[in-house]
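Q: Could you have a look at this structure, given as structure tokens, before my questions?
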Amino acid sequence: MAEKMIELEVKVTMEEMKKIGEFCRQEGVNFSEWMRKLALKEIENREKEKRDSKS
């Protein structure tokens, strides 16, 4: 069974959105998928830092 996806609001300025939109078009990436991957990678990095600092 596929996971249920939810809507997530991200607040950015118009200038930021222009930069993001331009990047996504140039790189051929889907903004939502790209942001999801970035967020999950950041969580992974922070969890690793916490584990490393406890060692």
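The values are calculated or read from the model by the stated rules, or taken from the named source; none is laboratory data. Not measured: the values here are computed from a predicted model. Note that each Cβ is placed from the backbone with ideal geometry, even for glycine, and that neighbours are counted across all protein chains shown. Heavy atoms of the whole protein, side chains included, go into the accessibility calculation; ligands, DNA and RNA do not. Shrake-Rupley method; radii C 1.70, N 1.55, O 1.52, S 1.80 Å.
Q: Looking only at segment 23-55, count how many residues are in a helix (DSSP H, G or I) and among the β-branched types (Val, Ile, Thr).
A: Selection size over segment 23-55: 1.
Q: Tell me, which residue of segment 1-27 that is acidic (Asp, Glu), open to solvent by 100 Å² or more (accessible area, probe 1.4 Å) and more than 14 Å from LEU38 (Cβ to Cβ) is modelled with the lowest pLDDT?
A: Filtering first and then ranking leaves GLU3.
Q: Another one. Please work out if GLU9 is of a type in the set (Asp, Glu) and either in a helix (DSSP H, G or I) or at positive phi (or both).
A: Judged against the criteria, GLU9 is not a match.
Q: Just give me the residues in segment 6-55 being among the aliphatic types (A, V, I, L, M) and over 15 Å from the mean Cα position of the chain (by Cα), in sequence order.
A: The answer is MET14, and nothing else.
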